[in-house]
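Remarks on the structure that follows.
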Amino acid sequence: MGVFSKYHRYREAGEDANVNNVERFGTPSRSLFTSTKVFTIHHKIDITDGNENVVYRSQSKALSLHDRTEIFDAQGRLVANMWKKFFSIHERHFIHMADGTEFQLSNELWHIVKDISNIEGLGWQLRGNIAGLNFELYDADGGVIAVISQKMLSLHDKYCVDIYQTDKEAYVVAILVTLQHMMADRAAASSASGSAASSSN
């Protein structure tokens, strides 16, 4: 259904690219898909290609206040490290790439009016549609790099990403994993506040 939806753009591996993405940006050069492993001590995410081959893996350290996470490629080579600033009002996340590049993301994305997050250190922007669970990543010149979409109501917290600039794939994967952590944190905070409100009543 996501293939034909202009509002919600998630799709499964093997399906055609979303019609809205193709109309606006053309056919993506490459698409990747994520699935979070549930019921594990470590937060693990597998990132697969269109043939469901694992091309990247991420793993977070258990019981880490800073949500320290490492991303590896299929050969086990380190791609990036990420961690978040503890007690930050914007839940700022830091990413250190294996090539030495460093940049930051923060959840200013969740402002009610402003839905643009600047990626400090790269000059990129992540533009989000929270209701549709769609996010577009743009470079400093305004060219689209990738479109990220989250599956609604998924136990395994699934995402797909259509990549238009494949030379930036490693950076896109790091941003994808960081975004997935940020969305999971947001859902957990929302659930906790809802539980607190229920118990107070």
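The values are calculated or read from the model by the stated rules, or taken from the named source; none is laboratory data. Note that the coordinates shown come from a computational prediction; the quantities given were computed from them, not determined experimentally. Here the Cβ is made from the backbone with ideal geometry for all residues, glycine too, and neighbour counts use every protein chain on show. Note: areas computed on protein heavy atoms with side chains; ligands, DNA, RNA excluded. Shrake-Rupley method; radii C 1.70, N 1.55, O 1.52, S 1.80 Å.
Once you list every other residue whose beta carbon is under 9 Å from the beta carbon of residue 30, what net charge do they have if Lys and Arg are +1 and Asp and Glu are -1? List each step's numbers first, then the result.
Working: positive: none; negative: 49, 162, 169.
Its environment carries a net charge of -3.
Which residues does a label at residue 116 reach in the range 159-186, if reach means a backbone N under 14 Å from a point 7 Å past the Cα toward the Cβ?
No residue qualifies, since no backbone N sits under 14 Å from the label point.
Given a Förster radius of 25 Å and the C-beta distance between residue 141 and residue 53 as r, what FRET efficiency does 1/(1 + (r/R0)^6) yield to the nearest 0.05?
Once the sixth-power term is evaluated, E becomes 0.20.
Which net charge results for the neighbourhood of residue 15, defined as the other residues with beta-carbon distances under 13 angstrom from its beta-carbon, given Lys and Arg at +1 and Asp and Glu at -1? Let's see the in-between values first.
Values: positive: 9, 11, 151, 158; negative: 12, 16, 52, 162.
Within the 13 Å Cβ shell, the charges total 0.
In what order, largest first, do 55, 172, 22 sit by accessible area if the probe radius is 1.4 Å?
Accessible-area ranking of 55, 172, 22, largest first: 22, 55, 172.
Between beta-carbons, use under 14 Å as the cut-off and find the net charge around residue 99, counting Lys and Arg +1, Asp and Glu -1.
-2
Name the aspartates and glutamates eligible as straight-distance cross-link partners of residue 61: C-alpha to C-alpha under 14 Å, and not fewer than 8 places from it in the same chain.
70
For residue 27, what accessible surface area do you get with a 1.4 Å probe? Give it in Å², rounded to 10.
Surface accessible to solvent at residue 27 totals approximately 110 Å².
So for 159, 171, what's the accessible-area order with a 1.4 Å probe, most first?
171, 159
Which value, in Å² and to the nearest 10, is the accessible area of residue 92 when all protein chains are kept and the probe is 1.4 Å?
Counting only protein heavy atoms, the figure is 40 Å².
Which value, in Å² rounded to 10, gives the accessible area of residue 152 with a 1.4 Å probe and all protein chains present?
Result for residue 152: roughly 90 Å² accessible.
For 78, 137, 122, give the ranking by accessible area with the largest first, probe 1.4 Å.
Working: 78 75, 137 0, 122 35 Å².
So the residues, ranked largest to smallest area, are 78, 122, 137.
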